[in-house]
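Written below as structure tokens is the structure these notes are about.
Derivation of every value follows stated rules applied to the coordinates shown; laboratory data play no part. What you see is a predicted model; the values in this text were computed from it and never measured. Ideal geometry is used to build each Cβ from the backbone, glycine not excepted, and the neighbour counts take in all protein chains shown.
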């Protein structure tokens with residue numbers, strides 16, 4: 001059965017990664033691309049509830065129906081479901097230019113798109129690769145997707161975060177690691193008075209020997225597949241104290 005698939009990203013509707021993802025996904029059904037007009041990296045799950053923003057139909061490769069949204073990835077998903085009033089079977093987000101692992105999942109617009117999908121009751125998969133590894137990673141979309149489908153993982157959990165290395169040696173089910181970048185505020189005098197930038201360098205995970213952490217698995221050469229949840233409730237603590245109420 002052909003699926004109805006919404007594809008978005010946080011790198012922008014003209015990004016190379018989303019074109020690769022859409023071209024691959026066509027084999028599985030009817031594709032609608034709804035992506036940000038401009039890059040929205042690290043915008044997390046933000047939506048615009050104050051101002052008006054531009055949404056328009058734009059040309060896309062292979063004649064795929066596509067829309068440019070001058071807002072965030074979460075708003076792109078919302079427009080597809082709430083604005084266009086369409087029912088989608090799956091949301092694919094990516095392919096992101098840069099892996100989304102560890103603490104960075106919190107900031108990722110790529111992952112936020114599938115969190116919004118889950119909030120709306122739709123299954124979703126986010127795809128990411130190293131900054132210079134998108135072309136190599138695109139050859140392994142099917143390997144990751146078939147693993148998820150063959151194991152019927154979407155019946156167990158709504159959304160998954162997939163990170164693909166340059167040359168995968170296998171697939172690992174992983175959990176979210178910890179810090180992936182060291183962060184610093186630096187003065188940028190070229191931008192003007194009192195202007196600062198946030199900069200970061202990649203650092204090793206706090207548990208570098210745990211291959212089941214996404215931050216470690218991706219550098220060991222594994223396709224990392226992490227089951228994510230939109231809920232932020234610690235159910236163990238909740239259930240412990242709810243019984244005492």
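What the table shows:
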item: Separation in nanometres of the label points that stand 7 Å from Cα toward Cβ, at residue 38 and residue 142; result: 3.9
item: The range 120-245 shape via C-alpha gyration tensor axes, a/c threshold 1.5; result: oblate
item: Cα-based shape type of the range 18-163, given that a ≥ b ≥ c are square roots of the gyration tensor eigenvalues and the cut on a/c is 1.5; result: rounded
item: Cβ-based exposure ranking for 187, 158, in which fewest neighbours within 10 Å come first; result: 187, 158
item: Relative contact order (%) - criterion: Cα under 8 Å, at least six apart; region: the chain; result: 17
item: Per-pair calculated FRET efficiency, R0 = 25 Å: residue 169 and residue 58 via Cβ, rounded to 0.05; result: 0.05
item: Gyration tensor verdict on the range 70-116 (Cα atoms; rounded if a/c is under 1.5, prolate if a/b is larger than b/c, oblate otherwise); result: prolate
item: Euclidean distance of C-alpha centroids, the range 164-187 and the range 139-158, integer Å; result: 20
item: Least to most buried among 34, 49 (fewest other Cβ within 10 Å first); result: 49, 34
item: Over the range 88-188, relative contact order from alpha-carbon pairs under 8 Å, at least 6 apart, %; result: 35
item: Order of 85, 139, 56, 4 - criterion: other Cβ atoms within 10 Å of each residue's Cβ, fewest first; result: 85, 56, 139, 4
item: Top of 172, 86, 213 by mean-square fluctuation, Gaussian network on the chain, Cα under 10 Å; result: 86
item: Sequence-separation-based contact order of the range 20-165, relative, with Cα cut under 8 Å and 6+ spacing, percent; result: 23
item: Value at 222 nm in deg cm²/dmol, rounded to 500, when DSSP H runs of n ≥ 4 in the chain each add -39,500 (n - 2.57); result: -6000 deg cm²/dmol
item: DSSP-defined beta bridges in the chain - what % are antiparallel, rounded to 5; result: 35
